[in-house]
Structure formats: C-alpha cells, structure tokens
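Take a look at the structure set out below.
What follows is calculated from the coordinates using simple rules that are stated; it is not laboratory data. What you see is a predicted model; the values in this text were computed from it and never measured. Reconstructed Cβ throughout: ideal geometry from the backbone, glycine too, with neighbour counts over all protein chains shown.
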Amino acid sequence: MTMSDDTRLAMQGTIEALTSGDGSEPVVVNLGPQHPSTHGVFRLKVTLDGEIVQDAEMRIGYLHRSMEKLAEERTYTQNIPFTDRIDYLAAMSNNLAYCLAAEELLGVEVPPRANAIRVMFAELQRVASHAMANGTFINDCGAWHTPLFHMFRDRERVLDMFEMTCGARLTTNYMRIGGVAFDLPDELLPTLEQFLADMPENIANYEALLLENEILHARARGIGVISPEMAINSSLSGPVLRATGVPWDLRKANPYCGYEDYEFDVPVGEQGDCFDRFLVRMAEVKESLKILRQVVDTLPDGPWLADVPLHARPDPGESYARVESPRGELGFYLVSDGGPAPYRFHCRPPSLINLTALKEMSIGGTLADAIVTLGSIDIVVGEIDR
Amino acid sequence: MTSSYDATAAMEIVNASAPGAACVDDGVLFLDPERLVEAVRTLRDAEASDLVFLSNLTAVDHELHFELVYHLQSLDHNHILQVKARVADREDPSLPSLTGVYHGAHLQEREVYDLFGIRFEGHPDLRRMFLWDGFPGYPLRKDFLQMPGQVRAGLPGFPHESEENAWPVPGSVPQRPMHPNDPQPEGELVVAEPDGESEESS
C-alpha cells in the first residue's frame, strides 16, 4: 500500500510532534457518550499522558428532560411519575422521597401499614439497585458478565415482586401522597418469604466467588481513594461516603417511615477505595434483608392510603425531605405558593453530586482505573441530567 | 432524628465575626450576599454549629428577586440549617461562590448558573452544564415559558418564537382545566376545533 507524499509528510510531522521534548504529548480521549462503561449517555473527557490520567472533565446533559420546569405546571400527584424517571434504577426510593416532601408540605399523617410497605419496597429496591451496581462494577473490573448475571437473577425476582404489586417493573409509580397506591397482593408475601430464604445462600456464593478474587483485588484495591474529610467537603453521600469510614446513613441519622423501629447496622469501609465501595454495597444488601425480615414479621393491618385530595393545594411554604436512596442522600425541595402545582420543584441528585470528586479520584491513575472508579460511584444518568 | 439548628443561634455566631452579615426573618437565616463566603465559613468552622456538609444548594425565582437556598448539615451534632440569600438584580444576578468553603458546591452552582443564569463569582469552572452555550434564556426562571403560545401578564414570549417561526396566535391555545373537579374558569370554555372553527362546550 502506497501513501501520498502529503500524507507521509503529515504523518512524519505528527510523529515528530509526539516524540519531541520529553518524548510525549498529552492525548485527549473521549469516553462516551456511547460507551458501555459510562453506564448511560455520559461523556468523560480525559487527558492522558501515556496511560496516566492528567485531567478528567465530564460532559453531561444528553438526558436532560427539564423535569424541574415541567413539574411546575403539574399537580403534586401528577409529578409522582416524573420521580420514577429521575433515578430509573431506584424508582421506589425516588417516589418515597418526593411523597415525603409533599406530605411535609401538606401535613399528612401516613398510616402505619403504608409506612411498613414503603420500607419494604425501599429496601427491595436497594437490593435490586445494589445488584445492578455491583454487577456492572465487577463487569468494569473485567469479569465479563458472569457475576453480573448471577446478581441480575436476584434483581429479576425483586422486579417480579414490583410487577405483581403495582404492574410495573422499572418505573413503578407506586407511592402516593399519604401512602401507597395499592395494598399488597396475596401472592407477594409468600414470594418475598421465598426470596428471603434464598438470598443468604446466593450472597454467600457471591462472596466466595469475589471477595478473595486476586484479579478484583488488583483492579479495585487502592484505586480511586478519597479521604473522609475530602468526601464530606465534596458533599458525597451513600456508599461512596460510607466507604471512607463515615457512618452517615439517613435511615439512622434522620429516620423516616419508622426506620427507627428496625434493627440494622450501617456498614462502613476503611480505605475509601473502589473495593470498599463494593464491600459496603455487599454488606448493605445483607442489612436490607435483615430489615425486610423484620418488616414481614411486624407488618401491621389497616389502611394503606390516607385521605388526601387528589388535587391538594398546600399552604404557602417550603419543605425539604431526604431519604437514603441506594446511591446516597436523595432530597426533594418543594416550594408552594398555595396553588395546585409546586412553585419550585428541586431534586438533590446523589449521582450528580457524587461525581464532584471524580476528577480528584481519577487523576494520577491509569485510564483503566478511571473506568473502575466511575463504575464504583454507581451513577444513573437519568438522575444526573434530570 | 436530625434537628433544625436554631437560626437565631446561627445569626449570633455569624454576627460575632462579621457584624450585620446575618439576620433572621420568620425563623429563616438570611445572609448578606456580599459577605456570604465569610459567614458560611464561620458557620462551618464554629464548634457549636459545625455545619461541615453542604446538603443542598438551589435557587428559587420569586420574580422580584432570586432566592438562593442552602441546606447545611452537621454530621456530629446531627442538625440541619437552612440558609438563604437574596439577589435582586435580574439583568446580571451574581453572588460569591461557595466552592472555596465546600467543594461540593461545584456542580450544584454550575447547575444553578445553567438553569437560572445566576453567576457565582470565584467559581473555578462556571460553564453551562446541561444546556449548550448559546441556549436562549435560562429555563428555570419564571419568565421562561414552557409552551409556545403560553402567555403570562408582563412577561415576554417563548424564547424560540420569532416572526418567521411563530405559532398561530399567542393565547389561542385554550387553557384546559386540570381536572373536572378543579374550579372552572369564568365563563364558558371554548375548545378550538381542528378545522379552525370553534365550538362552545359546557
């Protein structure tokens, strides 16, 4: 194959430019927006010196749907389906956080059975979401899809339970202001019992498969380290914060829906690296199962939805409610001007804010480590862009 | 249970180091935008308040002014404080950036800049985040209207509306009541028919 003189000269110029000076020039690589390891339409622009990351800059907005503006023209009840689509891997947690904020504004008392059902589905959602997070994280570390599909087997069972309760698997739209939309179907509790009986063995299998795995240790230990001080100053939350050793969990710190009645621990990490984030999520699944066991044993009878007008008009005021979603501190800030729609609807997105320290975590590591770090933060792009 | 930190106590802490920088109105702490950074740093470092975690940062457009809302959290004392600051200038609203105090303000301030057009002085990387450079207007302002033809008294039209690409007649889209149970507008509802004629309905 021959080459024209122009092309040859241009190539020589490029090679000379690349090899002049200290022997290299930084190369800019765009990861995404269409790339399997960016977990959605997310673009990470990294500047590389050889294989070492010198700078990492994220470009987002590909999934921006302007939900906060749309919500200002819809009633409080009509906004609930939007919250499903904010974090579509934890729709129940998003429903719950929004409903708590609206209930605070309206001064609604939620019946005890509704609270127990809410806790049940929030924890099932955590099991499903952590299965996704850990599975894709292991995928990013190079274990091609085997652990992912083992974990998806559990997630599938959780989604089946969502489907039999509210008819939807992903965008559930199950919570309502004042409770939940439907009571539990008869077949749910036996299915959940079977799930709770099977899960400990499954988790033991994952731990036997992964925790001592040499490749996983080599890929994730000491990668993407962040100190607890820096994590707090960067407003990180959820498993990313707890992996640094800070036991900050809103279910303990600011219990909602009766979490104070259930016994569970807050697992924390030690080194704040990617492996600790993985370990914290694995341990949190076990704690969620513990909570689910207690919810099933103490499930109260009674109504599951308080009497709230469909087009409620709260008094002028504001509310800020937070829950511990699988990704961290998820908050909704609502302002009412007395009308049927919120005057201002703001979501505090844990996925976006957890990315604040991505640059600091990635710089100095290799490009492959940046992918693992991004996977360990567990982002959902729907929540970043909203 | 996370308690609310007393706004008066916070005001005393701020005013001890920066006299007059804080005031309390109806139980909410308002800070002077000029001395915001100094005041928030005092609240973060003081032993009694210890507000080390910036939980939330957002803005609200109150049409006459913008209200910046900060939720500051103490992890050790487990209390939360809501802090507000007001910016009256709608043409070129600006405010000092909190990125020097909380690194976590970085992306949240960029989001507010993108959607409200409020500039944060001293922010290291203040660019639009979700929308592209040159996007007309700031969507979360109340004078940015959602739908073409939407009309609100005293406000300009939809930003994309231009002479050649105009929608039929502003205001011709009938205002649909949200629900039959909602209060109906005065007079009879006029529903536009596809063929251009209109028909009265009850």
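Of note:
- 10 Å-binned pair-distance histogram of the protein assembly as shown (Cα, whole percent): 3, 16, 25, 25, 18, 9, 3, 1, 0
- Furthest towards positive pole of dipole, B:82, B:104, B:57, structure part segment B:3-121, Cβ charges: B:104
- Going by neighbour counts of Cβ atoms within 10 Å, the residues A:98, B:5, A:88 line up, fewest first, as A:88, B:5, A:98.
- Alpha carbon convex hull of segment A:129-172, volume per residue in cubic angstrom: 54 Å³
- Rounded tilt (10° steps) of A:188-210 against the dominant C-alpha axis of chain A: 30 degrees
- The spread of Cα positions in segment B:74-149, taken along each principal axis and listed from longest to shortest, comes to 51, 25, 22 Å.
- Rounded to 0.05, the FRET efficiency of the residue A:265 and residue B:6 pair, given R0 = 35 Å and the Cβ-Cβ distance, is 0.65.
- Overall form of segment B:3-121 per C-alpha gyration tensor (a/c, 1.5; a/b vs b/c): prolate
- In the protein assembly as shown, taking the dipole from charged Cβ atoms about the Cα centre, the farthest positive-side position among A:177, A:333, A:115 is held by A:115.
- Taking 0.36 nm per residue of separation and subtracting the Cα-Cα distance, full extension of the segment from residue A:24 to residue A:198 would add 57.2 nm.
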